[in-house]
Every structure is written in C-alpha cells, then in structure tokens.
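Enquirer: Below is one structure. I have some questions about it.
The values are calculated or read from the model by the stated rules, or taken from the named source; none is laboratory data. Just so it is clear, the model here is predicted, and its values are computed rather than measured. Heads up, the Cβs are rebuilt from the backbone with ideal geometry, glycines too, and the neighbour counts pull from every protein chain shown.
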Amino acid sequence: MLDADLAKVYGTTTKALNQAVRRNAKRFPSDFMFKLTAAEKKEVVTNCDHLARLRFSPNLPFVFTEHGAIMAASVLNTERAVAVSVLVVRAFNRLRQMAASHEELWRKVMLLEKKYDRQFKLVFDAIDEIMRPVEPPRRRIGFVIDKEPSDRSMRVR
C-alpha cells in the first residue's frame, strides 16, 4: 500500500505519515516498508488512475506491507490509527487465548487416555488422528523405470 493511501486510511497527511516513519525508522525493516524506484513509480502511475496525482511529485513514495501498515498505526497518533492498534492487540490476545484453550484440551485428552487406556483406545486414536495437522500428499517427481519380464528391456513411462 502506498504511503498516500495509507495516510488516507489512518486519517492523516502523507507528510505526517512519512515524518512519523522516518522518526521511527528502526521499526520499519525492509520487509515492512520500501521506497519505489523512479521506474516503478512511473509504472504504478501509468497503471493506476487513482495515483495520477503522484505523476509530478518530486518524491518517491514509500510502499508498506501488511506488517508495515500495522506498525505505522502504532507510530501515528490519529484516532483511526489508535483504534487499529487496539484492534490488532485484541486480535492477538484472542488468538493466544484460543491457542491456550487448544493446549488445555489436549492435556485433558492425554490424561483421560492414560486413565482409560484399554477401554477407549479406538476413541483416543480417532481423536489423535483428528487433532494431528494434515499434511498434503507429496507429488512424486522423476521417472519410473519398468522392467518387462518378457523382453527384459527397460522403458520409461
């Protein structure tokens, strides 16, 4: 997301956003934010009608990844940026609670398994299968060589 668009989202000016980012440069590594080159800027302006206002700007715009956009919310002091920061913190807390709940459920299942091992082995095996992460089947790469018993010649299929 370009700096001008992100500034609009957070209810501030592009200048104020870029100033806050420069003041907190350590919070924005290259995987959070980068600056467009002149050629990239020209291509973006050509392809995106809503960015025509950037055509004559002497500055190269910053581009933010999703991590950079969240970090920008934490360095800005607008109402909307503060609200976004609060929502992000709440979302991470909820995820942590869900993970802890899952871990607690797993511990309870393991205790029950130890207690009733023989009687409910099939049930616990099924639960174990359900809770195990599913890995997609791996596709074999390469050639299969068959030997035909009749003529002992090798052929590739």
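Enquirer: If you go through the range 90-105 one residue at a time, do you hit one that is touching a helix residue (DSSP H, G or I) at 6+ places or on another chain (Cβ under 9 Å) and at pLDDT below 80?
Expert: Looking through the range 90-105, at least one residue is touching a helix residue (DSSP H, G or I) at 6+ places or on another chain (Cβ under 9 Å) and at pLDDT below 80.
Enquirer: Pull up the range 70-85, narrow it to residues that are touching a residue at least 60 places away in the same chain (Cβ under 8 Å) and of a type outside the set (D, E, K, R), then point me to the one that is farthest from residue 4 (Cα to Cα).
Expert: Result: 84.
Enquirer: Regarding the range 90-98, can at least one residue be identified that is closer than 22 Å to residue 18 by Cα and out of contact with any strand residue (DSSP E or B) (no Cβ under 8 Å at 6 or more places or on another chain)?
Expert: No, every residue in the range 90-98 fails to be closer than 22 Å to residue 18 by Cα and out of contact with any strand residue (DSSP E or B) (no Cβ under 8 Å at 6 or more places or on another chain).
Enquirer: Hey, another quick one. Given the conditions (1) within 22 Å of residue 10 (Cβ to Cβ); (2) touching a helix residue (DSSP H, G or I) at 6+ places or on another chain (Cβ under 6 Å), report the number of the one that residue 23 does not fulfil.
Expert: Of the numbered conditions (1) within 22 Å of residue 10 (Cβ to Cβ); (2) touching a helix residue (DSSP H, G or I) at 6+ places or on another chain (Cβ under 6 Å), the odd one out for residue 23 is (2).
Enquirer: While we're on this one: Quickly run through the range 36-61 and pick out the residues that are surrounded by 10 or more Cβ atoms within 10 Å (Cβ to Cβ) and of a type in the set (Gly, Ala, Ser).
Expert: 52, 57, listed by residue number.
Enquirer: Let me ask something additional. Hey, can you tell me all the residues within the range 29-88 that are out of contact with any helix residue (DSSP H, G or I) (no Cβ under 6 Å at 6 or more places or on another chain) and basic (Lys, Arg)?
Expert: 35, 41, 42, 53, 80 - these are the residues of the range 29-88 that are out of contact with any helix residue (DSSP H, G or I) (no Cβ under 6 Å at 6 or more places or on another chain) and basic (Lys, Arg).
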